[in-house]
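Following: one structure in structure tokens, then a few remarks.
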Amino acid sequence: MKRDWNAMAQGILDAVGGPENISGMTHCATRLRLNLKDDAACDDAAVKEVEGVVNTLNKAGQYQVLIGTEVPKLYEKFEPLVKGSGVEISAATKDEGESIVSQIFSAISGIFAPLLPAMAGFGILRGFVILAAQLGIIAEGTGTYTILYTLAMSVFYFLPVLLGFSAGKRFGASPYLSALLGACLLYPDFIALMGDAGNGAMTDFFGIPVVLMSYNSTVIPAILSVWVYSFLYKWLDEHVSEMLKLVVLPAISLIVMVPLTMLVIGPLGVYAGEGIAFVVNWLIERSSLLAGVLVGGGWSVLVSMGIHWAVNPIMINNIAQNGFDYICPFTFACNFAVIGCAFGVFLKARDQKLKSFAMTGVVSIALSAIIEPTLFGMLVKNKKVWLAQIIGGAVGGAFLGIMKVVTTAFTFGSVTTFPAFVSSDPMNFAWAMAGMLISAVVAGVLAFIFTGKEDQLA
């Protein structure tokens, strides 16, 4: 059904209290995310009544309106309505009443959300390239292989630049100057200073020792650098005259921030990223079964609260640094458990609306990996079925953990993203398929048992 995005945007805007009640806005893969000045001015029931709205959530300092994968179309109409009102807003920013944890989750979500489609798409391409090489379709080292592999890996190699731009928009700094901070870290001559020594090599800047690092594919250095830069940018923007801003502001920004990043922020960021990845991977190595149970079973809970974005950087960092990740397969277990639940409900229920909604969930998740509509539209409203999904995800996740299944790309769990399981170990793909099947079957059987024949779509 074709939606009236203009009417939908206006309806949501009116229900949340109008433009004057919005201090910031952004969107992720499925949700319109708003910072509201006064939560009491928002009529949550009215928002839910707007045609096309699946559900709402107020978490991590944001009012989240679940739309689905077409949320960019809504945002395209929503943004002009807000900005055209004359009310000063920005990309979603912190609320003074938020906790530190909420601010961090909100920031991570806002920074990574615009980049996830590119990383997922290029990650799948990488899987296809690896598979083609293994099957002998494309020979490694040839021009064709190199071009395709370059295409697949470029988004990860230049991640500091992309994150710089996105973080700049999030923190209220110039996104273009912020992107340049990331670009400076990847300049070939700067990288060449390391020689063959690698991370930890030394040079100097006006006599000040500089610890050299490889910043390609890193996550934390660019984000930390732009966060620090945002304070300098705002101060300069306030104190530099309009006549001089065009030249003075970017010049001072880069003169201060590039050396500061190379001297202090960058190395700290690299070590922090490596430390986080080490701890997570150590825990997985120590008890991969427990990790599979917790992530596979609990991922839908994190999604329901909108805080699953906080884990994504760890997976991205693992892929970028190691070429593989243990956590991402557990999210596949969750998604296929949702598919299993939806199919179990479809088989058991008699209500045609519920059956139709359930089957739509099966198809959409299998193709797009987006679980929110099914999660909020069906599972959250039937706690027993949600429990079935959690159990199915936990069992499948446990199996994936025991078999040490990995993905070679950061992506979302669907049938279309199976190439992410292609690796140097031919059994990795087979064990992954077995894990998906276990998740779906266990969840499907339990959902069938827990669903009443007379259940209806609430």
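Quick note: the coordinates plus some simple rules give every number you see, no bench work behind them. Predicted model only: the values in this text are computed from it and were never measured. Cβ: placed from backbone, ideal geometry, glycine included. Neighbour counts: every protein chain shown.
Miscellaneous remarks
- Listed peptides 164-172, 241-249, 152-160 by packing density, highest first (mean Cβ within 10 Å): 164-172, 152-160, 241-249
- Applying 1/(1 + (r/R0)^6) with R0 = 45 Å to the Cβ-Cβ distance of ALA7 and GLU140 gives a FRET efficiency near 0.25.
- The alpha carbon radius of gyration of the stretch 323-437, expressed as a multiple of 2.2 N^0.38 Å, is 1.07.
- Taking a ≥ b ≥ c as the square roots of the eigenvalues of the alpha carbon gyration tensor, the stretch 213-261 is prolate, as a/c is not under 1.5 and a/b beats b/c.
- When shorter helices are ignored and each DSSP H run of at least 4 residues is given -39500 (n - 2.57), the per-residue value for the chain at 222 nm works out to -20000 deg cm²/dmol.
- Using a simple spin-label model with pseudo-atoms 7 Å out from Cα toward Cβ, TYR271 and GLU238 lie 3.2 nm apart.
- Convex hull per residue volume in Å³, alpha carbons only, for the stretch 158-270: 94 Å³
- Normalised by the number of residues in the stretch 5-92, the average gap of Cα pairs under 8 Å and 6 or more apart makes the relative contact order 39 percent.
- Share antiparallel - DSSP beta bridges, the chain, percent rounded to 5: 90 percent
- Nonlocal amide H pairs with VAL210, under 5 Å, H built at 1.01 Å: THR203, ASP204, PHE205
- Judged by the ratio a/c of the largest to the smallest principal axis of the C-alpha gyration tensor, the stretch 1-83 counts as rounded, that ratio being less than 1.5.
- Note on ILE255 and ASP39: their simple-model spin labels are 4.6 nm apart, each label 7 Å out from Cα toward Cβ.
- Overall form of the stretch 115-206 per C-alpha gyration tensor (a/c, 1.5; a/b vs b/c): oblate
- Note on VAL247 and ALA197: the model spin-label points, each 7 Å out from Cα along the C-beta direction, lie 3.8 nm apart.
- Extension gain, GLU454 back to LEU151 (0.36 nm per residue minus Cα-Cα distance, nm): 103.9 nm
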